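Read through the structure below, which is laid out as structure tokens, and then see the notes.
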Amino acid sequence: MDYTALKKEIIEYSREIGIDKIGFASAAPFTELKNRLLRQQELNYQSGFEEKDINKRVDPALIFDRPRSIIAIALAYPSKMKDSVKGKKGERRGIFCRASWGEDYHVVLRDRLSKLEDFITSKVPEARFRSMVDTGELADRAVAERAGIGWNGKNCSIITPEFGSYVYLGEMITNLPFEPDQPLENQCGTCTKCLDACPTGALVQGGQLNAKRCIAFLTQTKDFMPVEFREKLGNRLYGCDTCQTVCPENKGIDFHLHEEMEPDGEAVKPLLQPLIHMSNKEFKQQFGRMSGSWRGKKPIQRNAMIALAHFKEEEALPVLIEALHKDIRPVMRGTAAWSIAKIGGEKAREALLQAKEKEVEPQVIQEIERGIAALK
């Protein structure tokens, strides 16, 4: 089999099916990555969403029988909305990060990888594959870096020369021995804009992230958000783009190459108040096709309450007070108490005093008492 010729055919076909960039890498263990991951584990910097077994994250042979190479793909997503909606007093809006605009990228990339598998199988029937997007064992960025898709930026994103860091990544382990591509030279140089701009200091140093301090992670948690991060949240409902938007490599970058990635303004910049009492059915109808919905409505609703406090939105007091008194979830009642106190005023104080009389959950009582103290 002429694998050099097949590689060229795969590259040509990838363009036909809407893969914006493709690269080939060896399936050797990611030795350097293992050392970094072990250090992250020691420092307790991991989010907890990762594959627990570090060996599986760095050795393709542990998850695929006799791997010979890995094919990495990247699809560019938009950084700007064509028809953006704007919030105003009484109608404040939140925001989903760019990586959650349009259809869930897991679905989009799996579609491309599936088509790629079918094409290769038509050429080599004995070919075997293991494709993954984000939730697989391998580290997408490490594979993409090795395959020459882009370099690993100081903001912990893969930065491509063509599309900046606004790309989704996926990969395919295979038993076919393709010639590997050359990794790109890191172009970050002495720039530290992403480190300087990180709202919570989650970027410890270039290429090292304390995920537990990262707003993108914090917006996906379901418990109380630690107090120190709440005022850093702004109006973010899911994810954070700061370390990408300040990156010089992303200046002027905005590609609209895939219809399914186009954002719906009402979905990615939704009104905040309706979110607070939204049902599961309504949530799935409005946000179900987006990757930012994967943790359900609870984190989004909690973040919406914090965002209303960010805006000091007095018009939101009735819906927040209702949640404080009636929501069966302690996290929602406690967050509502914090937000009510931040908005402030006599109505806020009265609502907190009333809630204190009947509240039984210790964490919620703590939030209420903290709020009352702040209003004195």
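Laid out as a table, the results:
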{"read-out": "Filter result for residue 11 (aliphatic (A, V, I, L, M), without any contact (Cβ under 8 Å) to a residue 12 or more places away in the chain, outside the structural domain of residue 207 (by TED's automatic domain parsing) and under 18 Å from residue 117 (Cβ atoms))", "value": "yes"}
{"read-out": "Unmet criterion (only one of (1) free of Cβ contacts under 8 Å to residues at least 12 places away in the same chain; (2) in contact with a strand residue (DSSP E or B) (Cβ under 8 Å, 6 or more places away or on another chain)) for residue 189", "value": "(2)"}
{"read-out": "Within the stretch 242-261, considering residues that are among the polar types (S, T, N, Q) and out of contact with any Phe, Trp or Tyr (no Cβ under 9 Å at 6 or more places or on another chain), the one surrounded by the most Cβ atoms within 10 Å (Cβ to Cβ)", "value": "242"}
{"read-out": "Residue in the stretch 179-212 that is nearest to the chain's Cα centre (by Cα), counting only those that are polar (S, T, N, Q) and either assigned by TED's automatic domain parsing to the domain that holds residue 50 or surrounded by fewer than 17 Cβ atoms within 10 Å (Cβ to Cβ) (or both)", "value": "208"}
{"read-out": "Residue list for the stretch 338-372, restricted to those being within 29 Å of the chain's Cα centre (by Cα) and more than 17 Å from residue 272 (Cβ to Cβ)", "value": "363, 364, 367"}
{"read-out": "Unique match (being closer than 23 Å to residue 82 by Cβ, of a type outside the set (Val, Ile, Thr) and assigned to a helix (DSSP H, G or I)) among 266, 315, 282", "value": "266"}
{"read-out": "In the stretch 285-309, the residues that are of a type outside the set (Ser, Thr, Tyr), over 22 Å from residue 330 (Cβ atoms) and in a helix (DSSP H, G or I)", "value": "285, 286, 287, 292"}
{"read-out": "Among residues of the stretch 29-55, those that are under 15 Å from residue 141 (Cβ atoms) and among the small types (Gly, Ala, Ser), counted", "value": "1"}
{"read-out": "Conditions (1) surrounded by 17 or more Cβ atoms within 10 Å (Cβ to Cβ); (2) assigned by TED's automatic domain parsing to the domain that holds residue 34; number of the one not met by residue 118", "value": "(1)"}
{"read-out": "Test result for residue 145, part of a loop (DSSP other than H, G, I, E, B), touching a residue at least 12 places away in the same chain (Cβ under 8 Å) and out of contact with any Ser or Thr (no Cβ under 6 Å at 6 or more places or on another chain)", "value": "no"}
{"read-out": "Condition met for residue 131 (polar (S, T, N, Q) and farther than 26 Å from residue 236 by Cα)", "value": "yes"}
{"read-out": "Selection from the stretch 108-136 of residues that are under 21 Å from the mean Cα position of the chain (by Cα), at pLDDT 95 or above and not β-branched (Val, Ile, Thr)", "value": "109, 110, 111, 112, 113, 131, 132"}
{"read-out": "Within the stretch 162-257, helices (runs of 4 or more DSSP H) holding 1 or more residues that are polar (S, T, N, Q)", "value": "242-245"}
{"read-out": "Options 164, 201, 234, 206; residue that is small (Gly, Ala, Ser) and closer than 25 Å to residue 31 by Cα", "value": "206"}
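This table checks each residue for (1) touching a residue at least 12 places away in the same chain (Cβ under 8 Å); (2) on the phi > 0 side of the Ramachandran plot; (3) crowded, with 17+ Cβ neighbours inside 10 Å; (4) of a type in the set (Asp, Glu).
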site	(1), (2), (3), (4)
220	yes, no, yes, no
223	yes, no, no, yes
263	yes, no, yes, no
281	no, no, no, no
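The values are calculated or read from the model by the stated rules, or taken from the named source; none is laboratory data. All values reported here derive from a predicted model rather than from experimental measurement. Note that each Cβ is placed from the backbone with ideal geometry, even for glycine, and that neighbours are counted across all protein chains shown.
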